[in-house]
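Visitor: Pasting a structure below so you can have a look.
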Amino acid sequence: MVTFADVAEAAVRLSGVANRTPVVTSRRIDAALGLHVELKCENLQRVGAFKFRGAYNALARFDAEQRSRGVVAFSSGNHAQAVALAARLLGIPATIVMPHDAPRSKVAATRGYGATVRPYDRYTEDRAAIAASLAAEQGLTVIPPFDHPDVIAGQGTAALELFADVSALDALVVPLGGGGLLAGSLLAAGALAPRCRVYGVEPAAGNDGQQSLRAGRIVTIEPPQTIADGAQTTQLGTLTFPIIAERVTDIVTVDDAALTAAMRTLAATTKLVVEPTGCLGFAGLESLRETLAGTRVGVILSGGNVDLDVLAGALRP
Ligand SMILES: *Cc1c(COP(=O)(O)O)cnc(C)c1O
């Protein structure tokens, strides 16, 4: 079981290693939405996404044997870079199982941090099985992208910082893939801002989280086709689901057109580059604005790793 104490310990471990990312506001955004919005800029985190928090927290807890043998991770991108950098900082060898169609920038960055990349086909191969066999053959420790206690605790430190840095929030809106970020955020909110409503936002094409919440059990879907490549997950985790089901206010969805529009709005108003998945929370405000009218809303901009041609396409009117 993961608790807020684990999130607080992760914050100590990450202090001086992860960036304490800035919180940005925009009068134009507030006026357009009728909300007061506080944007937590995890696009400015090391490796360009919050995933550095969970990865570093997990790897920093390895014992000497685990450190010398190494880590293996599977990821559509940001977790890969996060594990690769955390491993490099801690002197741990890293192997990353990545989809063959992952964004070029993410593959290049992962190799750049010194990790070995093992490509796979996301529509025909099982990445978890590949990682498990590498782990068995070479004695590597598997660090999954969301369903691990130390990963969830690390991801919760972004919300912990936000609650500490801004005055009382009425709501927090968080991108949702496998649920590590949302589960960690819920643990932070439960301890630091118990009256704050917390929403998850996932791609409309892959609304397994919303379906799972409604069904009261983990619903599995086919790999969704969406530009939100960091949220192409097929199911919530066995650790993340119970935390989300117990504590989340609701899960809403946004389509790809809304994500593209959000990238453009954020670039124009805040000058921030945010990747499509990183825009999920901000884009979700559109469907929550009536419910939350006039309130103070925190939004996690979860990452900024977008290929420049995709960014250029989004910026073109
Ligand atoms: C991984 C990721 C998410 C989803 O996080 P989960 O912990 O899997 O829910 C959201 N945004 C970005 C930028 C990511 O890399």
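Coordinate-derived values only; no laboratory data. Just so it is clear, the model here is predicted, and its values are computed rather than measured. Glycine also receives a Cβ, built like all others from the backbone with ideal geometry; neighbour counts cover every protein chain displayed.
Visitor: What is the distance, in nm, between label points placed 7 Å from the Cα along the Cα-to-Cβ direction at residue 63 and at residue 307?
Guide: 4.3
Visitor: To continue, here is another question. List the lysines whose Cα lies under 19 Å from the Cα of residue 40, skipping any in the same chain that are fewer than 8 positions away.
Guide: Hits, sequence-local ones excluded: 51, 271.
Visitor: If you average the sequence gap of Cα pairs under 8 Å that are 6 or more apart and divide by the length of the chain, what percent do you get for the contact order?
Guide: 22
Visitor: Please list the three semi-axes, largest first and in whole Å, of the ellipsoid equivalent to the range 55-95, using sqrt of 5 times the eigenvalues of its alpha carbon gyration tensor.
Guide: 16, 10, 8
Visitor: Now for a separate question. Would you compute the Debye intensity of the range 132-201 from its alpha-carbon atoms alone, equal scatterers and no solvent, and pass along log10 I(q)/I(0) at q = 0.13, 0.18 Å⁻¹ to two decimals?
Guide: Cα-only, vacuum Debye calculation for the range 132-201: -0.42, -0.66.
Visitor: Counting pairs of alpha carbon atoms under 8 Å apart in space and at least six apart in sequence, what relative contact order in percent does the range 86-191 give?
Guide: Over the range 86-191, the number comes to 21 percent.
Visitor: In degrees between 0 and 90, to the nearest 10, how far off the longest principal axis of the chain does helix 51-60 point, with axes built from Cα atoms?
Guide: Computed tilt is about 40 degrees.
Visitor: Once you treat every alpha carbon in the range 206-317 as an equal point and sum by Debye, what is log10 I(q)/I(0) at q = 0.10, 0.13, 0.21 Å⁻¹?
Guide: Results for the range 206-317 at q = 0.10, 0.13, 0.21 Å⁻¹ read -0.32, -0.54, -1.20.
Visitor: Continuing with the same structure: Quick check for me: using +1 on Lys/Arg Cβ and -1 on Asp/Glu Cβ, what's the dipole size of the range 121-182 about its Cα centre, in debye to the nearest 20?
Guide: Roughly 40 debye, rounded to the nearest 20.
Visitor: Here is a further query. By how many degrees, 0 to 90 and rounded to 10, does the Cα axis of helix 256-270 deviate from the longest principal axis of the chain?
Guide: The angle comes out at about 70 degrees.
Visitor: Now, a different point. Can you list the aspartates and glutamates whose alpha carbon is less than 15 Å from that of residue 106, not counting same-chain residues fewer than 8 positions off?
Guide: 229, 275, 307, 309
Visitor: Report, in degrees rounded to the nearest 10, the 0 to 90 angle that the Cα long axis of helix 4-14 makes with the longest principal axis of the chain.
Guide: With both axes taken from Cα atoms, the answer is about 70 degrees.
Visitor: Of 242, 224, 211, whose Cα points farthest to the positive end of the dipole of the range 205-270 (charges on the beta-carbon: +1 Lys, Arg; -1 Asp, Glu; origin at the Cα centre)?
Guide: The one lying farthest along the dipole's positive direction is 242.
Visitor: I'm checking a number: the convex hull volume of the Cα atoms of the range 8-95, normalised per residue, in Å³. What is it?
Guide: Cα convex hull per residue, to the nearest whole number: 105 Å³.
Visitor: Okay, moving on. Computed over the Cα atoms, what is the radius of gyration of the chain divided by 2.2 N^0.38 Å, N being its residue count?
Guide: 0.92
Visitor: What ranking do 19-26, 261-268, 122-129 get when scored by the average of other Cβ atoms within 10 Å per residue, highest first?
Guide: By packing density, highest mean first, the sequence is 261-268, 19-26, 122-129.
Visitor: If packing is taken as the average count of other Cβ atoms within 10 Å, what order do 41-48, 63-70, 189-196, 151-158 fall into, highest mean first?
Guide: The peptides rank, most packed first, as 151-158, 41-48, 189-196, 63-70.
Visitor: For residue 128 and residue 257, compute 0.36 nm times the residue count separating them, minus their Cα-Cα distance, and round to one decimal in nm.
Guide: In short, 43.4 nm is gained.
Visitor: Charges only on Cβ, +1 for Lys and Arg, -1 for Asp and Glu: so what's the dipole of the range 206-317 about the Cα centre, in debye to the nearest 20?
Guide: For the range 206-317, the charge dipole is close to 380 debye.
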